[in-house]
Amino acid sequence: MSAAMRIVNGKVYDPANNIDGKIKEICIQDGRIVDSVPEDVTVIDAQGMVIMPGGVDIHCHIAGPKVNAARKLQPEDHRHDVHPGTPFTRSGTGGTVPSTFATGYRYATLGYTTAMEAAVTPIGARHTLEEFHDTPVIDKGFYVLLGENIFLQKLLSEKRIEEFDQAVAWWINATKAYTVKLVNPGGDEPWKGKKNSNVSDIDEKTDEGLTPRQIIEAFIKSVDKQGFPHPPHIHCNNLGHSGNYKTTLETMKTAGDMRAHIAHIQFHSYGGELGKDPISKAAEIVEYVDNHPNITCDVGQVMFGKSTIMTADAPLAYVLKGHTKGKWVNADTECESGCGILPFNYQEHIYMHTLQWAIGLEIFLMAKDPWRVILSTDHPNGGSFMNYPKLIKLLMDKAFRHEEMKRVNQRALENCSLRDLDREYTLNEIAIITRAGPARALGLNNKGHLGVGADADITIYDEIDDKEMMFNAPRYVIKSGNTIIGNHEFITDFIGKLLHITPEYDKKIEEVVQPFFESYYSIEFSNYAVDDSYLHDHEIIATGKA
Amino acid sequence: MPLKLKLHTKPEVPLEADCVCPDRMQSLNMTEIEDLIVFHGNCQVPLKNFFECSGEFDGEIDIEGDLVNVKHIASTMSFGKMTVSGNVGVHIGAAMSGGEIIVEGDASDWVGPEMLGGRITIKGNAGHMVGSGYRGSTMGMQGGEIIVHGNVKNETGHVMRRGLIVVGGDSGDFTGVNMLAGTIIVLGQMGIRAGAGMKRGSIICQTKSELLPTFTRSCDYQPSFLRHYFKHLESLGLIISDSLMNSPFERWCGDSIELNRGEILLYAGK
């Protein structure tokens, strides 16, 4: 177990406890933050440094079959970015999709200590858990894709709502997931079955006789009823298409006053006519989010340079493949979702890419409530998570932002209001969008803050003017009370834990699900659920309404 | 006087010796050269465990011994001259940008992958992937010359972008596969599927070959630039017959599944 420790003289940013840059002592014992520790414990002198809770990434793609397919697709990406081992840590490869070990260590070198894999097919849960076991330092969990599940859709179209709720809970338990993920609900199944068809409207009926709206509503209600710590994580229909902001608004309206999380909302904030160049509708989207405290979102900022498009939205990947004309992978067609992967490059001179970059920044800068507008690049879709420090600098440094704006497509800037936005994020607000906000949205009561009882996941940065440099190299990273990085060097290795939920369900539902498996699945029902031997160190987050 | 390296112990498992390169050895004294690190399997050992070093570096390095198991010699080399009297292992001259490498024996696979400039001469045969791109790369060789006096195996000049590859003997299958531009000259026979997926560039072959159906014959002609190329090859010690120097060529264009701007010139003389 980790030793007791005291951190003194540092400026603490802990927005969840209303501490904004106050010099405060932090005491750690047994992996948690405590009131006081004995006098003779190890002391870290954080004079001139900034103390924040460890970062929490609410939406990224870091483990599982599709991530592995992306690794295999891009040997050229790894060859130029070798991640060497140290006496304490293992080696790996980098690029936009790093190997498991490199992923964990690289998150740590940015001061992040928790990350959530945002899309795993139920059948891929076993693989994901095995990769998690090899993803060091960070705590992690994943969202399971249930939106394209034929069996669940069948229950819905037959209006068997009670059984639907039970089946959702069963699937969550069977996969050890953290919450439900919906990706282009209603769109993937027709695309796989019929030549390049997709849904284009939230109220368009699919072959099952269901509309995307009905699917979304059913999941939001079900999760609300069962009180999952995090609401359904929704990737709306029409991602990336001009004019899709209407779909996004309708999706949010579908939630009523129930909680919903809209993933990478930047990709869903485009106006204009379908098939033509989009314009920014960030203002409309932000206004809705600001006025509806039941909605949380992560931005999915686009950063210029190499990225990897990796999505369960297979029809979208197919469209993009038509633009890049390069290699791509279409996977997971035979299971309860879809998947498309292709290498991508966001370029400053391209109208669309600049607009995407600008809309992301607009959403950050316009949002009145930073607690619900969370920092993400939808790693690796909008760019690697290694871009976070640069993104933070873009938000905190107006001059730098304007300097960058000179290098991008000027026509795109005319179709958005980025030039008029003068806001600069404060360190406190950065602590909200990277730590406190995502932890609250995820319902992780022990993360994202430094109050007594919280997990001792702490990052200590040198306070320097260049915020990119500052957030790129924390001086200390403490995970569960263990000093992982000390004076910029790894000084120990650590395997974080799995975060998952175990909602209650009636065992009778298995009798309903099983015949479907026996008729259609190529895997035995008894082999489908992931058993507990796949859990390494883990924590069950409580479900049920408070 | 050149720096001389003599292999005294044959490595049992591949030895990664990317430090054997003028760029890395210039301005080092003998002890420092002997202590350069090489990977023997997964162990890091000093160069002297395998090589006996003598002489003094003056821009030239001579290597002696059977280097079949020694990889990455002269990778990223940018100047100077290296002579290998013997066979050599994979990845010789990878990404080199200048200087000259001469191999008296045979070379293994991956001669000059993603090379940018300079010249590699192999007096014997070479393996697969001569002057190609590494897997996943969109561009292979981007400049310089690779001259192989003997035969080569498959995928010569894969995704090649610029430069010259000359094969004195026969080439394997997929010569110039997916090439973007550049020139490949084969003085012997080509294997099947030459130029598959090529966008631009020229493949010139001294013998008739069966081409893919996606190539179309456009004309017979005698391109004047070929004489210049052949003269250059003669100066490099390759034997060019008079009939080749003065004969017409069949021009085939393709690959029509790609841009259709590449050409394959096949000897049309008698």
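Key figures
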| read-out | value |
| --- | --- |
| Odd one out for A:L499 among (1) in contact with a Leu (Cβ under 8 Å, 6 or more places away or on another chain); (2) farther than 30 Å from A:T42 by Cβ | (2) |
| Matching option when the condition is surrounded by fewer than 18 Cβ atoms within 10 Å (Cβ to Cβ) and in a helix (DSSP H, G or I), among A:D277, A:D290 | A:D290 |
| Flag if B:E234 is out of contact with any Asp or Glu (no Cβ under 8 Å at 6 or more places or on another chain), over 24 Å from B:I101 (Cα atoms) and of a type in the set (D, E, K, R) | no |
| Residues of segment A:92-113 satisfying the condition of being closer than 18 Å to A:D378 by Cα, within 14 Å of another protein chain (Cβ to nearest Cβ) and hydroxyl-bearing (S, T, Y) | A:T96 |
| Considering residues of segment A:374-417 that are in a helix (DSSP H, G or I) and of a type in the set (G, A, S) only, the residue surrounded by the most Cβ atoms within 10 Å (Cβ to Cβ) | A:A412 |
| Pairs, first over 14 Å from A:P122 (Cβ atoms) in segment A:502-525, second among the polar types (S, T, N, Q), C-beta under 6 Å, six or more apart | A:T502/A:N173; A:P503/A:Q226; A:P503/A:T543; A:Y505/A:Q166; A:D506/A:Q166; A:I509/A:Q166 |
| Filter result for B:M1 (surrounded by 14 or more Cβ atoms within 10 Å (Cβ to Cβ), more than 14 Å from B:I63 (Cβ to Cβ) and more than 24 Å from the chain's Cα centre (by Cα)) | no |
| 3 or more residues within 14 Å of chain B (Cβ to nearest Cβ): qualifying strands (runs of 3 or more DSSP E) within segment A:302-346 | A:339-346 |
| Of all residues in segment B:100-127 being assigned to a loop (DSSP other than H, G, I, E, B), closer than 19 Å to B:G169 by Cβ and among the charged types (D, E, K, R), the one that is nearest to the chain's Cα centre (by Cα) | B:D109 |
| Residue match in segment A:466-487 (condition: more than 26 Å from the chain's Cα centre (by Cα), free of Cβ contacts under 8 Å to residues at least 40 places away in the same chain and under 28 Å from A:I44 (Cα atoms)) | yes |
| Those strands (runs of 3 or more DSSP E) lying entirely in segment A:1-44 with at least 1 residues farther than 12 Å from A:V452 by Cβ and in contact with a Lys or Arg (Cβ under 7 Å, 6 or more places away or on another chain) | A:11-14, A:19-23 |
| Inter-residue pairs, beta-carbon under 7 Å, first at negative phi and of a type outside the set (A, V, I, L, M) and in segment A:401-426, second surrounded by fewer than 17 Cβ atoms within 10 Å (Cβ to Cβ) and assigned to a loop (DSSP other than H, G, I, E, B), 6+ apart | A:R407/A:E348; A:N409/A:E348; A:N409/A:H349; A:N409/A:I350 |
| Considering residues of segment A:41-91 that are polar (S, T, N, Q) and within 13 Å of chain B (Cβ to nearest Cβ) only, the residue nearest to A:I123 (Cα to Cα) | A:Q74 |
| Residue check for A:D14: among the acidic types (D, E) and either exposed (fewer than 14 other Cβ atoms within 10 Å of the Cβ) or farther than 19 Å from A:I458 by Cβ (or both) | no |
| Subset of segment A:32-42 (residues that are over 33 Å from the mean Cα position of the chain (by Cα) and either modelled with pLDDT of 95 or more or not aliphatic (A, V, I, L, M) (or both)) | A:S36, A:P38, A:E39, A:D40, A:T42 |
| Qualifying residue in segment A:145-167 (condition: farther than 14 Å from A:T502 by Cα, surrounded by 22 or more Cβ atoms within 10 Å (Cβ to Cβ) and among the charged types (D, E, K, R)) | yes |
| Residues located in segment B:113-126, provided they are touching a Ser or Thr at 6+ places or on another chain (Cβ under 7 Å) and either within 14 Å of chain A (Cβ to nearest Cβ) or surrounded by fewer than 22 Cβ atoms within 10 Å (Cβ to Cβ) (or both) | B:P113, B:E114, B:L116, B:G117 |
| Segment B:17-31: number of residues that are surrounded by 13 or more Cβ atoms within 10 Å (Cβ to Cβ) and farther than 15 Å from B:I63 by Cβ | 4 |
| Scope segment B:137-147; condition buried (at least 20 other Cβ atoms within 10 Å of the Cβ) and outside any loop (DSSP other than H, G, I, E, B); matching residues | B:Q142, B:G144, B:E145, B:I146, B:I147 |
| Some residue of segment A:188-195 being touching a helix residue (DSSP H, G or I) at 6+ places or on another chain (Cβ under 6 Å) and more than 22 Å from A:H61 (Cβ to Cβ) | no |
| Elements of type strands (runs of 3 or more DSSP E) contained in segment B:161-270, each with 1 or more residues being free of Cβ contacts under 8 Å to residues at least 40 places away in the same chain | B:162-167, B:183-186, B:216-221, B:249-254 |
| Positions within segment B:47-67 being modelled with pLDDT of 95 or more and part of a loop (DSSP other than H, G, I, E, B), in sequence order | B:F50 |
| Those residues of segment B:148-160 which are surrounded by 21 or more Cβ atoms within 10 Å (Cβ to Cβ) and either charged (D, E, K, R) or more than 14 Å from every other protein chain (Cβ to nearest Cβ) (or both), in sequence order | B:V148, B:V152, B:E155, B:T156, B:G157, B:M160 |
| Single unsatisfied condition, B:Y134 versus (1) surrounded by fewer than 24 Cβ atoms within 10 Å (Cβ to Cβ); (2) away from every other protein chain (no Cβ under 14 Å); (3) in a loop (DSSP other than H, G, I, E, B) | (2) |
| Filter result for B:N42 (more than 18 Å from the chain's Cα centre (by Cα) and without any contact (Cβ under 8 Å) to a residue 12 or more places away in the chain) | yes |
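One line per residue, one yes/no per condition, for (1) out of contact with any Gly (no Cβ under 9 Å at 6 or more places or on another chain); (2) modelled with pLDDT of 95 or more:
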| position | (1), (2) |
| --- | --- |
| A:E287 | yes, yes |
| A:Q301 | no, yes |
| A:F304 | no, yes |
| A:D313 | no, no |
| A:K321 | no, no |
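Residue by residue, here is whether (1) crowded, with 18+ Cβ neighbours inside 10 Å; (2) within 21 Å of the chain's Cα centre (by Cα); (3) modelled with pLDDT of 95 or more holds:
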| position | (1), (2), (3) |
| --- | --- |
| A:T324 | no, no, no |
| A:E334 | no, no, no |
| A:G340 | yes, yes, no |
| A:Q347 | no, no, yes |
| A:L355 | yes, no, yes |
| A:A358 | yes, yes, yes |
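The values are calculated or read from the model by the stated rules, or taken from the named source; none is laboratory data. Since the structure is predicted, the reported quantities are computational estimates derived from the model, not experimental observations. Quick reminder, even Gly has a Cβ in these numbers, built from the backbone with ideal geometry, and neighbours come from all protein chains shown.
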